[in-house]
1. Express in % the proportion of alpha carbon pairs of region A:344-383 at distances exceeding 16 Å.
2. Please label the shape of region B:133-282 as rounded, prolate or oblate, based on the square roots a ≥ b ≥ c of the eigenvalues of the alpha-carbon gyration tensor (a/c under 1.5 means rounded; beyond that, a/b larger than b/c means prolate, else oblate).
3. Can you list the residues, at least 5 places off or on another chain, whose amide H is less than 5 Å from the amide H of D:GLU99, using H built in the peptide plane?
4. Scan around A:ASP39 for amide H atoms under 5 Å from its own, H built in the peptide plane at 1.01 Å from N, and keep only partners 5 or more places away or cross-chain.
5. Put simply, what bits of region A:91-127 lose 20 Å² or more of accessible area when the other protein chains are there, versus the chain on its own (1.4 Å probe)?
6. Say the dipole of the protein assembly as shown comes from +1 at the beta carbon of Lys and Arg and -1 at that of Asp and Glu; which of A:HIS433, A:GLY379, A:CYS250 then lies farthest toward its positive end?
7. What's the total accessible area buried between chains B and D, using a 1.4 Å probe, rounded to the nearest 100 Å²?
8. I'd like the isolated cysteines in chain B, meaning no second cysteine's beta-carbon lies under 4.7 angstrom from theirs.
Amino acid sequence: MARIGVFICHCGSNIAGSVDIARVLEAARKMPQVVYVEDNKYTCSDPGQASIRNAVKAHRLNRVVVAACSPRMHEKTFRKTVEQAGLNPFLLEIANIREQDSWVHSDDKERATEKAIEIVRLAVAKVARNYELYARQISLTKRALVIGGGISGIQAALDIANAGHEVVLVEREPTIGGRMAQLDKTFPTLDCSACILTPKMVELAQHNRVVLFTYAEVQSIKGFVGNFEVEVRQKARKVNHTTCTGCGTCWQKCPEKVPSEFDLGMGQRTAIYIPFPQAVPTKPVIDTEHCRYMKYQRFVASGEEDKKPPQCRVCEKLCPTGSIDWEEQDRVFTEKFGAIIVATGYQTFDASAYGEYGAGMYPDVISGLQLERLMCASGPTGGEVKRPSDGAHPKTVVFVSCVGSRDEAKCRPYCSKVCCMYMAKHAIMLREHDPEVQCYIFYIDIRAGGKAYEEFTRRAQEEYGAIYLRGRISKIYQEGKKLVVLGEDSLIGRPVELSADLVVLATGMEPSSGVVELAQKLNISYDTNQFLVEAHPKLRPVETQSDGIFLAGACVGPRDIPDSVAQGSAAAVKAAALFSQDYITTDPMTAMVDISRCTGCLLCTQVCPFKAISTQALRDGRVVASVNEGLCKGCGLCAAVCRSKAIDLRGFTNQQLFAEVTSLWQ
Amino acid sequence: MQDKIRAKARELLETGTVDCVIGYERATDGLTARPVFIYGTAGVDRLVFDQTCVHNLSKFLLDRRDKRTAIVAKPCDSRAINLLINEGQLARDKVYIIGVVCQGMPEVSWNRVSKEPQERCQRCPQRVPVVYDYLVGEPVEALPVTFSDVEQMENAGPAERRGFWLEQFGRCIRCHACRQACPGCYCSECFVDQLDPTWVGIRKDVTDNEMWNTIRAFHLAGRCISCNECERVCPVSIPLSLLNRKLEKDVGEFFDFQAGIKAETVPPFATFKKDEHLKGVE
Amino acid sequence: MKQAESTGTLAGQKAFSYFPGCSLHSTAREYDVSARLSCEALGIELKELEGWACCGASSAHSTNELLAVSLPARDLKRAGEVGLPLVAACAMCFSRLKIASHELQNNDMRKLVQTVIGQEIQKTARVVHLLEVVDSRLDAIPVKKPLTELKVACYYGCLLVRPREKVAIDDAENPQLMDRLVRKLGAEPVAWAFKTECCGAGLPLARPDIVLKLCHRILAQARQAGADCIAVACPECHSNLDTHQEEIRARYGDDARVPVVYFTQLLGLALGLSVQQLHLDKHLTDPVPVLSSKGLA
Amino acid sequence: MAVGFEPRVVGFLCNWCSYAGADMAGTSRMSYPPNIRIIRVPCSGRVDPLFVVKAFQMGADGVLIAGCHPGDCHYTEGNYHMRRRFALLQPFLDYVGIEKERFRLEWVSASEGKRFTQVVTSFTEQLRQLGPRKDRELMAAKGVQRAV
């Protein structure tokens, strides 16, 4: 039998001013199972709380209703109060008679009072059906998985490792470093990108608490916070990395040349390769599609006889350690983690979507990232800026901003944030490479929010002579050796025609390919632009709706290096904070299954947004639903769709809600 | 038809493909049919099939979940089997479906068979079972679906509709025969029988009856396969198909979904589309 | 108002209401003739819309928005009553009809238009361009005389692809419909950047300097891309590009001459029709020499 | 319209958006008719049609379900499920004579105190216009007996 105490708060005059407290007290006294009522000036004050504690003891109360402000305000406070009084904290309900009554009906005391009585009635009806709930403690694996080895992932992995926890970093490319490794210099300081990045890459590779899996991908993910089980697929490299010393003989001698992905087609690599000289690990992989011996093997397997291609196998012959392993296959292994950090980063927008710019049609229309490779001293041209068509040194360079950014027609409505800055950087660096270069930059707005960013873009204009023209480009076409650029200077309202040697499209950022599939595996959400969605855009920017899964870097949205690094560190702290506990305490308001009622139709498993419901086979052969409390977030979708009412939600049970509805007509 | 069913049943029992054949036999009035369970070849000749075999037998399969069973299934019955497979109640490989082509069934009651097919059969598009292992009868084309009965009710004024249904619900005696006959109603403990909370008052009051009938219909939204057994067995002749068919119509219109057509399908309440525009929802 | 049936496939459609428009009955007769003959050869029935009137192009649409919708609205209503999709060959007519059917979806606009034309619009026809119709049965075109070795610069102009939300039959910057057709006919569509560049539109009388400048660039680019001829789908584009070539040569000094033909003429040629039937000998910059040189005329 | 008729409205508000939106109306000292009784649910998707029908059975003049805007669900997709359920339930109840004007699904975010007051005000006003439910009269006319 419930013994309910009702505590009505005046909240000074906030409630008492428009609600007749005496009448509410009187009505509450008559409600079923209510054995004690009292009112307080301020129930949340120390004396108010003490009064609740005393009444619980004096009147042997086992349920408490506090009629006061919104539960969003003080539910936690009063739960603690009843807990101090020796009750389970979930034997409390709040009747919200301030935000949802006295404050909105201050003009009608009579009806505000009536409403307050009914609000209390609802709470009494509900609390009578509350029962003790206990948070569960779940053990956790203090080991983190970082997906993506760009600067953000590297930072996150290093910070977690330095905090004393084991980290596994999975990167799908043959090297870590990500997009930052492709940059020549970084704005606004013009630090050499490799000079600041490669030491971090090496530090990571050598860290005794870090395990690095490059050329590997996450295949599947099961489990929940503290207890993830992740299958990782190590793609076949055809090179034994334990014996390989990275001497480089193989990739220097390999005869097969293919366009380099790392150099974005501006240069070539061999079929056995490392993407760039400072790659980590500095050990090669064999590109099986282009390797001559692999082609030969495929040819033999196809059964055709004539014109066999050469067997090659030069790398195998020259390798001093015998590390070439033609038989190696993809390998899948399972690892356990307590937290996952997603740092899958971005790729640049494919500018061929803009027919008018001629990307892909004219060799001298290139992207910003391609220009980085042309300027980089360790790039394909040794840092000499030569245009792709004829190797000439461009003297007039036109930049086009917002290619794949701020353009709803291309389904890229967002600003990519870094392009304005890198265009200014390029203008400065091109002048430094060759003082005769004249840069024209077509922009929509100059977005240079950031420390020393605005100053940087001004320097590009004032000291390096870049000419900024506000307007969009309508067309680019080839005329002889020149590219004719048609556009508009919208500040003077006139069309502009420029003859350029090189056109650089400031392509924007978009999420890396495959991120949607990964998000689906992780069961985290992504937005219409396929960027991953944070738990709260302001207050929980590196968390997701799934506990234990964190986000860092440009997979969340366009960001520059400092922001990506900061987020990597932030996500690392979140993971480390999780690992500072010995157990994870779960919210007890989760779903539960009455197996005697469950028919096994499993509609609940289909609607659960968190994949928290799985199945369980009973001894009699029936298959019924089973809730994983670690995954359940307590939305109650399952309870609403269950026809036999076999699944219910603690804290918002069928009994409680039903009692609330019916109490209104008592 | 009957001969083919018997021959198939014999073959299935002889070869041990199944342990039992669920079909129809002649009832004691000598005119109509009733369900029969045949366990051996000796009983095979009891099987009949004609215009009086109105019952949906599929629900009997639930008592034989783990045993290999053959069943005589008309088109609507076959949809019920798909539904049960979809909802994990049956395994396809345990069921051998002897499908029969159906031209519509007459009204049948004890010792009486109507000349015209029942109204529900006149509106039924399916003439050939949607799933079967063996088909009896020549396939014919499906007919267009019509909802003129539902539309007529929709077009009546709200007060007229309310009056009509209050009268109908007022007559309900809460025998729950509709539930017992329905292949979609297989809950081990129906919400109407639950006591805490007592979802539906145990009084035979019109409001409680309304609760029962509307929620039962809604539990079959996107699941009802239009066999109309509920209405057939209703002792007070409440036009339950009018409720079920309203939901069938809306489910078809809103979600382009028909229950029981395929076993592998995602029912409308198990999924959603982010950008769907649904009538009445802003 | 019933929405124009917009979802059906064009491929299965045998008969269309045909909206020739004023140009195809006068200066662009060769477009009309070649369109009709080609369609006949393809088994497409064109039924000229009875009582069609001005589509609202040029003067109307640049001076009075309501008039520019009301004029085609009347045509759309008539076509709606016929019940067949309405096909236009003239890009201007197509653009006006398409925009009007878009505007009529707006209840307020429709009511206003109804008071202007004094008729109630219950149903309008789906508006399609002839290029879309031909494209819908591309695989079924019975090519009798492949246009081998003919290099064609496909020029779409602006009206078929802009504005994107209301009209576009293809990508606005690098459309492919005509390129696909030309390739199917055995010719080679050249890659060039001026497919949808402005030809100067209705300005040849008011500002011939602009028209000459724009056309010069288009013609020069087509030549530079190696085109033997330019294919168009718009009488205005045709007139601007074809009729000013001598003036352009006089003004700019370079020989940018290149024949300009309608895509329907190329289509007809490949279907086995003769130069004379298709009026290919009526253009100011004569395409016959280049066609003869490829053995096509 | 009945004189002095005050409809009784049951509102199921999702904890994360609409309940907070109702709180926001309070903290901003906005005002709306006091006819609504609010039941807090974790998510609009928690609302079982049973609760809605029960409320009408008990005599509610109107039922409001309010949740996060599409795309904003705290549980990512609960409101989408509710939207489907509502899309079927509202016309179905209308079909059995509980007018569709009596049952609403609205999206109210935590910051939309203003919108919450507008929703409640317009809903209450609509129900006032509609008048009380006529079940009793209709039953009398049809001779349907109530249980005692």
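1. Considering region A:344-383, 46 percent of its Cα-Cα pairs are separated by more than 16 Å.
2. Rounded is the answer for region B:133-282, as its axis ratio a/c remains below 1.5.
3. HN-HN under 5 Å from D:GLU99: empty list.
4. For A:ASP39, the qualifying residues are A:ILE8.
5. A:GLU99, A:GLN100, A:TRP103, A:VAL104, A:HIS105, A:ARG111, A:LYS115, A:GLU118, A:LEU122
6. Positive-most Cα among the choices belongs to A:CYS250.
7. 4000
8. B:CYS20, B:CYS53, B:CYS102, B:CYS121, B:CYS124, B:CYS172, B:CYS175, B:CYS187, B:CYS190, B:CYS224, B:CYS234
The values are calculated or read from the model by the stated rules, or taken from the named source; none is laboratory data. All values derive from a computational prediction rather than experimental measurement. For neighbour counting, all protein chains shown are included, and Cβ atoms are generated from backbone atoms with ideal geometry for every residue, glycine included. Heavy atoms of the whole protein, side chains included, go into the accessibility calculation; ligands, DNA and RNA do not. Shrake-Rupley method; radii C 1.70, N 1.55, O 1.52, S 1.80 Å.
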